[in-house]
1. Given +1 on the Cβ of Lys and Arg, -1 on the Cβ of Asp and Glu, and no further charges, what dipole in debye does the stretch 1-41 carry about its Cα centre, rounded to the nearest 20?
2. Using a 7 Å offset from the Cα along the Cα-to-Cβ direction at both Asp38 and Asp10, what is the distance between the two label points in nm, to one decimal?
3. Largest first, what is the accessible-area ranking of Val27, Val15 with a 1.4 Å probe?
4. At what distance in nm do the modelled label points of Thr79 and Phe20 sit from each other, each positioned 7 Å from its Cα along Cα→Cβ?
5. With a sphere of radius 13 Å drawn around the Cβ of Ile43, what net charge do the other residues whose Cβ falls strictly inside it have (Lys, Arg +1; Asp, Glu -1)?
6. Once you put a point 7 Å from the Cα of Lys69 and another 7 Å from the Cα of Gln48, both along the Cβ direction, what distance in nm separates them?
7. In whole Hz, with x marking every Gly and Pro, tabulate ³J(HN,Hα) for the stretch 58-70 from phi via Karplus 6.51 cos²θ - 1.76 cosθ + 1.60, θ = phi - 60°.
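The values are calculated or read from the model by the stated rules, or taken from the named source; none is laboratory data. It should be emphasised that the depicted structure is a prediction, and the values quoted were computed from it without experimental measurement. Ideal geometry is used to build each Cβ from the backbone, glycine not excepted, and the neighbour counts take in all protein chains shown. Side chains included, ligands, DNA and RNA excluded: accessible areas come from the protein's heavy atoms. Shrake-Rupley method; radii C 1.70, N 1.55, O 1.52, S 1.80 Å.
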Amino acid sequence: MIQNAYSIKDAKANVFSAPFFSINDQVAQRSFEQAKNDPNTTINQNPQDFSLYRLATFDDQSGELHPEKQPYYLSTATTAPTAEEAPSFEQYVES
């Protein structure tokens with residue numbers, strides 16, 4: 001299965017976190033949003049400082065890692081949709 005490698009960049013420290021893997025951008029974004037909404041995280045306390053990036057694809061059958069030419073920006077914690085902005089299941093099905 002092909003997965004993607006993601007990292008969260010801290011703009012103040014100018015560093016990327018250790019990568020984590022997810023099946024697609026939407027699931028990675030959901031994990032980022034959960035961290036953003038958790039009051040115990042630094043991301044929640046300083047959302048303007050943190051951005052999500054896709055770094056690579058990973059094939060767990062062959063072990064090959066294929067990096068992006070440069071980290072691919074997905075969102076900043078302040079721009080990630082909140083639960084209130086996300087469509088309900090009914091709204092999603094209707095669209």
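1. Details: 4 positive and 4 negative charges, 17 e Å.
Computed charge dipole of the stretch 1-41: roughly 80 debye.
2. 1.5 nm
3. Values: Val27 40, Val15 75 Å².
From most accessible down to least: Val15, Val27.
4. 2.1 nm
5. Numbers: positive: Lys9, Lys12, Lys36; negative: Asp10, Glu33, Asp38, Asp49.
Net charge around Ile43: -1.
6. 3.2 nm
7. 9, 9, 6, 7, 9, x, 7, 10, 10, x, 5, 4, 8
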